[in-house]
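Single-structure report; data block below.
Here, each number is a calculation from the coordinates, and none is a lab measurement. Bear in mind the structure is a predicted one, so any value in this text is a computation, not a measurement. Note that each Cβ is placed from the backbone with ideal geometry, even for glycine, and that neighbours are counted across all protein chains shown.
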Amino acid sequence: MNLNKVFENNKKWISGKLSEKEDYFEELGKGQSPELLYIGCSDSRVTAEDLMGMGPGEVFVHRNIANMVISIDLNAMSVVNYAVEHLKVNHVVVCGHYACGGVKAAMQSADLGILNPWLRNIRDVYRLHKNELNAIENEDKKYDRLVELNVQEQCVNLIKTAAIQKAYRDRNLKVHGWVFDVHTGKLIDLEIDFEGILKNIMEIYHLD
């Protein structure tokens, strides 16, 4: 890759924005007020703002391998806390995608070095839903379903956090689980029944 092309593209991008609106960058410099926190995968094919048709200032984005929300990940927890308590977002989305390399790697027996402890969390998702997943004979469909269930479990992890619990109580914040289909470009709302999933354990995590 010729990195000089990146800077050439940047100049063209600046010219294009200024031709649309002369004060574009002045407005951009005044701050941000996104209503949505998007937690997605680092996969280079899945660009958050593009797939949602949203522009700068409209969505706060955090990305990592396989869109994980892990309570001891200070990076993710800092993003959640800042977005919810300081930016006051009203919606938090965990968005996975089909053909996710991280999810597939988690189900392989290979030693992946530093990725091992990270991907173990996906293996735990498989363990929780082993009966359902093992009943799916088609391997591609099994991985697709694991992608969906991983999104579900990361949303549950979000709901357990103090920042989300407080925002639920104070302003009715919403958590959503989505999947992006890289084969069609379609964004899919999984419409997860969080109340049904958590009804028997929510008192453990509820904050007064």
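Counting other beta carbons within 10 Å of each Cβ, put 197, 159, 39 in order, fewest first.
Lowest count first: 197, 159, 39.
Explain nothing, just compute: Karplus ³J(HN,Hα) = 6.51 cos²θ - 1.76 cosθ + 1.60, θ = phi - 60°, for every residue of region 37-53 in order, whole Hz, x for Gly and Pro.
Listing the rounded values in order: 9, 10, 10, x, 8, 6, 3, 5, 8, 10, 9, 4, 5, 4, 5, 9, x Hz.
Here is the link list: 141/199; 88/142; 21/88. Which ones come out longer than 31 Å on Cα distance?
Long pairs (Cα-Cα over 31 Å): 88/142.
Among the GluC sites (Glu not before Pro) in region 130-198, which ones are in a DSSP loop with at most 10 other Cβ atoms within 10 Å of the Cβ? Mind listing them?
137, 191
Distance from a point 7 Å along Cα→Cβ of residue 162 to each backbone N in region 79-114: keep the residues under 16 Å and list them by number.
79-86
Rg and Dmax of region 7-136, Cα atoms, in Å?
Cα radius of gyration and Dmax of region 7-136 are 18.5, 58 Å respectively.
How would you rank 47, 161, 184, going from fewest to most other Cβ atoms within 10 Å of each one's own Cβ?
Sorted ascending by nearby Cβ count, the order is 184, 47, 161.
Cut-off is 10 Å between beta-carbons; in what order do 146, 119, 190 appear when sorted fewest neighbours first?
With the sparsest Cβ surroundings first, the list reads 190, 119, 146.
Angle check, please: helix 115-128 long axis (alpha carbons) against the longest principal axis of the chain (alpha carbons), in degrees 0 to 90, nearest 10.
That works out to roughly 50 degrees.
Positive end of the charge dipole of the chain (Lys, Arg +1 and Asp, Glu -1 on Cβ, about the Cα centre): tell me which of 176, 103, 57 has its Cα farthest that way.
103
Which of the trypsin sites (Lys or Arg not before Pro) found in region 71-125 are loop residues per DSSP with 16 or fewer other Cβ atoms within 10 Å of their Cβ?
Of the trypsin sites (Lys or Arg not before Pro), the ones in loops of region 71-125 whose Cβ has at most 16 other Cβ atoms within 10 Å are 88.
Residue-wise, which Karplus ³J(HN,Hα) couplings in Hz belong to region 154-159, taking 6.51 cos²θ - 1.76 cosθ + 1.60, θ = phi - 60°, and x for glycine or proline?
Calculated HN-Hα couplings, in order: 6, 5, 4, 4, 4, 4 Hz.
Distance from the Cα centre of region 15-32 to that of region 135-152, in angstrom?
Distance between centres, Cα-based: 43 Å.
Nearest 20 debye, what's the magnitude of the dipole of the chain about its Cα centre given +1 on Lys and Arg Cβ and -1 on Asp and Glu Cβ?
Magnitude of the dipole: close to 360 debye.
Over region 33-205, what relative contact order in percent results from Cα pairs under 8 Å that are six or more residues apart?
Across region 33-205, relative contact order equals 25 percent.
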